[in-house]
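Heads up, the thing below is written out as structure tokens.
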Amino acid sequence: DAKTTQPNSMESNEEEPVHLPCNHSTISGTDYIHWYRQLPSQGPEYVIHGLTSNVNNRMASLAIAEDRKSSTLILHRATLRDAAVYYCILRGLSSNTGKLIFGQGTTLQVKP
Amino acid sequence: GAGVSQSPSNKVTEKGKDVELRCDPISGHTALYWYRQSLGQGLEFLIYFQGNSAPDKSGLPSDRFSAERTGGSVSTLTIQRTQQEDSAVYLCASSLVKGQNYEQYFGPGTRLTVT
């Protein structure tokens, strides 16, 4: 699976939007872009995923660049509960087990 | 509905002892994964089960680690002759199927401490 690059940490104020970037310049045409997050002392939690088009769900939005070499996870109104490590992961056909390969992720701090 | 459950939530064991960690996946999920997260480290894949197919053991760090999945449901991860470097949080996840378009649901993990 192709590699992703994320900033180590970001800060946000409560109730403001947060844009978490992810670079994946070596993405292949069949790689899905997945986002998971891990709240303190919990297992990872699925957030959202997409292939080419932007995606929205109840938790977040995923904006995918036209060339697919980068994507942005958007939290529309950050809450204190959104403080977590956010992982951007590519999942491709080359991994026939579907296992997730986690990087270091972005640690998001949310200030009241 | 019920999520992925793991037991015990915490386990303290002496170096050299064997331990068994249990995972109950979401009912109907055919794919099951084990990961571990060491202190200050990222999550690393250990082993994967899918139906009756041969498991993918490529992530197991040594032959002291083994896992089985009985009846396509419950899974047990066994660590023999535990070492201090085995101390970590062991996480189980399940997925409806193995495909890249399906999310994985994680359990709360078992925190293993080897003294």
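The values are calculated or read from the model by the stated rules, or taken from the named source; none is laboratory data. The structure displayed is predicted, hence computed values, not measured ones. Note that we place each Cβ from the backbone using ideal geometry, even for glycine, and neighbour counts take in every protein chain shown. Ligands, DNA and RNA are stripped out before the accessible areas are found, and what is left, the full protein with its side chains, is counted by its heavy atoms. Shrake-Rupley method; radii C 1.70, N 1.55, O 1.52, S 1.80 Å.
The table for this structure:
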quantity: Under 17 Å between alpha carbons - lysine pairs in the protein assembly as shown that sit 8 or more apart or on different chains; calculated: 5
quantity: Gaussian network model of chain B, Cα within-10 Å springs - most flexible of B:THR78, B:THR70, B:THR13; calculated: B:THR70
quantity: GNM flexibility winner over chain A from A:VAL18, A:VAL55, A:VAL47 (Cα, springs under 10 Å); calculated: A:VAL55
quantity: Solvent-free Debye scattering, log10 I(q)/I(0), computed from the Cα coordinates of the protein assembly as shown at q = 0.10, 0.18 Å⁻¹; calculated: -0.46, -1.33
quantity: FRET efficiency for B:THR13 and A:ASN23, using Cβ-Cβ distance with R0 set to 41 Å, rounded to 0.05; calculated: 0.50
quantity: Accessible-area composition of the protein assembly as shown, carbon plus sulfur, in percent [1.4 Å probe]; calculated: 47
quantity: Local net charge near A:SER12, Cβ-Cβ under 15 Å (Lys/Arg +1, Asp/Glu -1); calculated: -1
quantity: Per residue solvent-accessible surface (Å²) - segment B:1-67, probe of 1.4 Å; calculated: 53
quantity: A versus B: buried accessible surface, summed, Å² (probe 1.4 Å, to nearest 100); calculated: 1700
quantity: Long-range Cα-Cα pairs in chain B (distance over 17 Å), rounded percent; calculated: 51
quantity: Volume of the Cα convex hull of chain A, divided per residue and given in Å³; calculated: 91
quantity: Hydrodynamic radius (Kirkwood) for segment A:49-103, which is based on Cα pairs only, to one decimal in Å; calculated: 12.9
quantity: Neighbour net charge for A:ALA78 - beta-carbon separation under 14 angstrom, K R +1, D E -1; calculated: -1
quantity: Alpha-carbon centroids, segment A:61-79 and segment B:19-56: separation in whole Å; calculated: 29
